[in-house]
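Shown next, in C-alpha coordinates, is the structure this report addresses.
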Amino acid sequence: QVQLVESGGGLVQAGDSLRVSCAASGSSVRSYGMAWFRQAPGKEREFVATIRSTGTTHYADSVKGRFTISRDNVKNTVYLQMDTLKPEDTAVYYCAAGRPILSAIQDSNMYYYWGQGTQVTVSS
(Lines give C-alpha, C1' and ligand atoms only; values in the text may rest on other atoms or scores of the structure.)
Protein backbone atom coordinates (compact mmCIF):
# COMPACT_ATOMS: atom_id res chain seq x y z
CA GLN A 1 0.00 0.00 0.00
CA VAL A 2 1.25 3.45 -0.90
CA GLN A 3 0.04 6.65 0.70
CA LEU A 4 0.43 9.90 -1.22
CA VAL A 5 0.03 13.37 0.23
CA GLU A 6 0.15 16.44 -1.99
CA SER A 7 1.04 19.93 -0.83
CA GLY A 8 2.12 23.29 -2.18
CA GLY A 9 -0.93 24.43 -4.08
CA GLY A 10 -2.18 27.98 -3.91
CA LEU A 11 -3.30 31.13 -5.69
CA VAL A 12 -0.85 32.75 -8.09
CA GLN A 13 -0.95 35.17 -10.98
CA ALA A 14 -0.47 34.33 -14.63
CA GLY A 15 3.22 34.06 -15.45
CA ASP A 16 4.18 33.04 -11.91
CA SER A 17 5.81 29.80 -10.81
CA LEU A 18 4.69 27.25 -8.25
CA ARG A 19 5.98 23.89 -7.05
CA VAL A 20 3.69 21.18 -5.75
CA SER A 21 4.96 18.18 -3.83
CA CYS A 22 3.84 14.60 -3.34
CA ALA A 23 5.19 12.84 -0.27
CA ALA A 24 4.98 9.06 -0.46
CA SER A 25 5.01 6.47 2.30
CA GLY A 26 4.69 2.71 2.32
CA SER A 27 6.95 2.23 -0.69
CA SER A 28 9.73 3.93 -2.60
CA VAL A 29 8.83 6.38 -5.36
CA ARG A 30 11.50 4.62 -7.44
CA SER A 31 9.39 1.47 -7.45
CA TYR A 32 6.54 3.06 -9.35
CA GLY A 33 5.78 5.27 -12.24
CA MET A 34 4.79 8.49 -10.49
CA ALA A 35 2.48 10.90 -12.26
CA TRP A 36 0.61 14.14 -11.90
CA PHE A 37 -2.93 14.53 -13.17
CA ARG A 38 -5.22 17.51 -12.90
CA GLN A 39 -8.93 18.13 -12.97
CA ALA A 40 -10.58 21.46 -13.64
CA PRO A 41 -14.22 22.16 -12.71
CA GLY A 42 -16.58 20.48 -15.16
CA LYS A 43 -13.76 18.68 -16.95
CA GLU A 44 -12.34 15.19 -16.91
CA ARG A 45 -9.14 14.38 -15.12
CA GLU A 46 -6.20 14.78 -17.47
CA PHE A 47 -2.60 13.62 -17.54
CA VAL A 48 0.06 16.23 -16.84
CA ALA A 49 3.42 14.49 -16.40
CA THR A 50 5.08 11.29 -15.30
CA ILE A 51 8.46 10.11 -14.12
CA ARG A 52 8.93 6.40 -14.65
CA SER A 53 10.87 4.08 -12.37
CA THR A 54 13.76 4.37 -14.82
CA GLY A 55 13.80 8.14 -14.35
CA THR A 56 12.56 9.01 -17.81
CA THR A 57 9.92 11.74 -17.98
CA HIS A 58 6.95 12.45 -20.23
CA TYR A 59 4.67 15.47 -20.43
CA ALA A 60 1.33 16.46 -21.84
CA ASP A 61 1.72 18.75 -24.84
CA SER A 62 -0.12 21.52 -22.98
CA VAL A 63 2.60 21.76 -20.30
CA LYS A 64 5.72 20.71 -22.21
CA GLY A 65 8.47 23.28 -21.76
CA ARG A 66 6.73 24.90 -18.77
CA PHE A 67 6.41 22.09 -16.22
CA THR A 68 9.11 19.82 -14.84
CA ILE A 69 8.55 16.62 -12.88
CA SER A 70 11.28 15.31 -10.60
CA ARG A 71 11.76 13.07 -7.61
CA ASP A 72 13.92 13.03 -4.51
CA ASN A 73 14.66 9.41 -3.60
CA VAL A 74 15.97 10.33 -0.15
CA LYS A 75 12.87 12.32 0.78
CA ASN A 76 10.66 9.86 -1.13
CA THR A 77 8.91 12.81 -2.71
CA VAL A 78 7.89 13.75 -6.23
CA TYR A 79 7.68 17.36 -7.36
CA LEU A 80 6.00 19.26 -10.14
CA GLN A 81 7.66 22.58 -10.89
CA MET A 82 5.24 24.76 -12.80
CA ASP A 83 6.56 27.85 -14.58
CA THR A 84 4.87 30.46 -16.74
CA LEU A 85 1.51 29.47 -15.33
CA LYS A 86 -1.63 30.26 -17.28
CA PRO A 87 -5.24 30.62 -16.10
CA GLU A 88 -6.05 27.39 -17.94
CA ASP A 89 -3.68 25.56 -15.58
CA THR A 90 -6.20 26.13 -12.80
CA ALA A 91 -7.23 22.74 -11.42
CA VAL A 92 -6.92 20.31 -8.58
CA TYR A 93 -3.60 18.54 -9.04
CA TYR A 94 -3.40 14.87 -8.07
CA CYS A 95 -0.36 12.67 -7.53
CA ALA A 96 -0.62 9.04 -8.60
CA ALA A 97 1.50 5.88 -8.50
CA GLY A 98 1.31 2.87 -10.78
CA ARG A 99 3.16 0.68 -13.23
CA PRO A 100 1.65 1.46 -16.62
CA ILE A 101 3.26 0.35 -19.83
CA LEU A 102 4.66 3.18 -21.92
CA SER A 103 1.67 3.35 -24.24
CA ALA A 104 -0.68 3.77 -21.27
CA ILE A 105 1.11 6.36 -19.14
CA GLN A 106 -1.63 8.94 -19.75
CA ASP A 107 -4.43 6.58 -18.71
CA SER A 108 -5.55 7.32 -15.15
CA ASN A 109 -6.97 3.80 -14.84
CA MET A 110 -3.41 2.44 -14.92
CA TYR A 111 -2.50 4.07 -11.60
CA TYR A 112 -3.24 2.25 -8.36
CA TYR A 113 -2.72 4.90 -5.72
CA TRP A 114 -3.87 8.49 -5.54
CA GLY A 115 -3.42 11.45 -3.26
CA GLN A 116 -6.21 13.74 -2.10
CA GLY A 117 -5.24 16.56 -4.43
CA THR A 118 -4.06 20.15 -4.04
CA GLN A 119 -5.75 23.19 -5.57
CA VAL A 120 -3.82 25.40 -7.95
CA THR A 121 -5.52 28.62 -9.03
CA VAL A 122 -3.98 30.96 -11.60
CA SER A 123 -5.54 34.39 -11.90
CA SER A 124 -5.31 36.45 -15.07
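The values are calculated or read from the model by the stated rules, or taken from the named source; none is laboratory data. Quick caveat, the model's predicted, so the values are computed rather than measured. Cβ sites come from the backbone with ideal geometry, for glycine too, and all protein chains shown count toward neighbours. Areas reflect the complete protein model, heavy atoms only, side chains present, ligands, DNA and RNA absent. Shrake-Rupley method; radii C 1.70, N 1.55, O 1.52, S 1.80 Å.
Whenever a residue of region 15-33 is over 29 Å from L85 (Cβ atoms), its partners that are in a loop (DSSP other than H, G, I, E, B), lying with C-beta atoms within less than 6 angstrom and at least six residues away or across chains, give the pairs G26/Q1; G26/V2; S27/V2. If the condition is being charged (D, E, K, R) and part of a strand (DSSP E or B), then region 46-71 contributes E46, R71. Among the residues making up region 79-124, a single one is part of a loop (DSSP other than H, G, I, E, B), aliphatic (A, V, I, L, M) and open to solvent by 20 Å² or more (accessible area, probe 1.4 Å): I101. Scanning region 21-47 for residues that are open to solvent by less than 30 Å² (accessible area, probe 1.4 Å) and closer than 11 Å to V92 by Cα yields W36, F37, R38, A40.
Regarding R38, is this residue within 14 Å of the chain's Cα centre (by Cα), under 18 Å from G10 (Cβ atoms) and among the basic types (K, R)? When the stated conditions are applied, R38 passes them. For region 55-73, state whether one or more residues are surrounded by 20 or more Cβ atoms within 10 Å (Cβ to Cβ), of a type in the set (V, I, T) and in contact with a strand residue (DSSP E or B) (Cβ under 9 Å, 6 or more places away or on another chain). There is at least one residue in region 55-73 that is surrounded by 20 or more Cβ atoms within 10 Å (Cβ to Cβ), of a type in the set (V, I, T) and in contact with a strand residue (DSSP E or B) (Cβ under 9 Å, 6 or more places away or on another chain). When G117, G33 are checked against the criterion of being of a type in the set (G, A, S) and at positive phi, a single residue qualifies: G117.
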